[in-house]
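Engineer: Before we start, here is the structure in question, set down as structure tokens.
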Amino acid sequence: MKIALIAHDRKKPLMIKLATAYQTILAKHELYATGTTGLRIQEATNLPVHRFKSGPLGGDQQIGAMISEDEIDLVIFLRDPLAAQPHEPDVTALIRLSDVYEIPLATNIGTAEVLLRGLAAGYLDFRTVVHEMEKEAISTEHE
């Protein structure tokens, strides 16, 4: 899977702890991250991470573009709900795109852990199941 990792400044230490704790799971997937978050994950874990610009400089939008092109499968975005973000419209757009394209999205550590444990357990990708059901419905309509 292609996993996007994003963290607001006060949540970066928590993202590093998450990436370190789930390093063996994350190592089996392709990782993408906004600038500083990606660098800190690389430094802490030695995992390869495709890094974009920092969030306020367009990194959130770059990941949003990948979501809209069906190039991201899961997003972990550790948001700081208690601090105003200068790029809040970009954050809102990224969350909206995750909903539109049915991308699993964790915005806190609890949900992030559930998603990562689900990956480790080998659960099916929900989007794959939905796409298969849609294909079956279309082929049934044409009969």
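The values are calculated or read from the model by the stated rules, or taken from the named source; none is laboratory data. Remember, predicted model here, so these are calculated numbers, not experimental data. Methodologically, a virtual Cβ is constructed for each residue, glycine included, from the backbone with ideal geometry; neighbour enumeration extends over all protein chains shown. In case anyone asks, the SASA skips ligands and DNA or RNA and just uses the protein heavy atoms, side chains included. Shrake-Rupley method; radii C 1.70, N 1.55, O 1.52, S 1.80 Å.
Engineer: How many residues are open to solvent by 70 Å² or more (accessible area, probe 1.4 Å) and free of Cβ contacts under 8 Å to residues at least 24 places away in the same chain when one looks only at the stretch 1-18?
Structural biologist: Residues flagged as open to solvent by 70 Å² or more (accessible area, probe 1.4 Å) and free of Cβ contacts under 8 Å to residues at least 24 places away in the same chain within the stretch 1-18 amount to 1.
Engineer: Are there any strands (runs of 3 or more DSSP E) wholly within the stretch 19-93 with 1 or more residues that are open to solvent by 20 Å² or more (accessible area, probe 1.4 Å), and if so which?
Structural biologist: 30-33, 49-51
Engineer: Considering each of A4, A19, A27 in turn, give the residue that is in contact with a Phe, Trp or Tyr (Cβ under 7 Å, 6 or more places away or on another chain) and modelled with pLDDT of 95 or more.
Structural biologist: Of A4, A19, A27, the one residue that is in contact with a Phe, Trp or Tyr (Cβ under 7 Å, 6 or more places away or on another chain) and modelled with pLDDT of 95 or more is A4.
Engineer: Then there's this: Residue under question is V49, and the condition is that it be touching a Gly at 6+ places or on another chain (Cβ under 8 Å) and either closer than 28 Å to Y123 by Cβ or in contact (Cβ under 8 Å) with a residue 60 or more places away in the chain (or both); does it hold?
Structural biologist: Yes.
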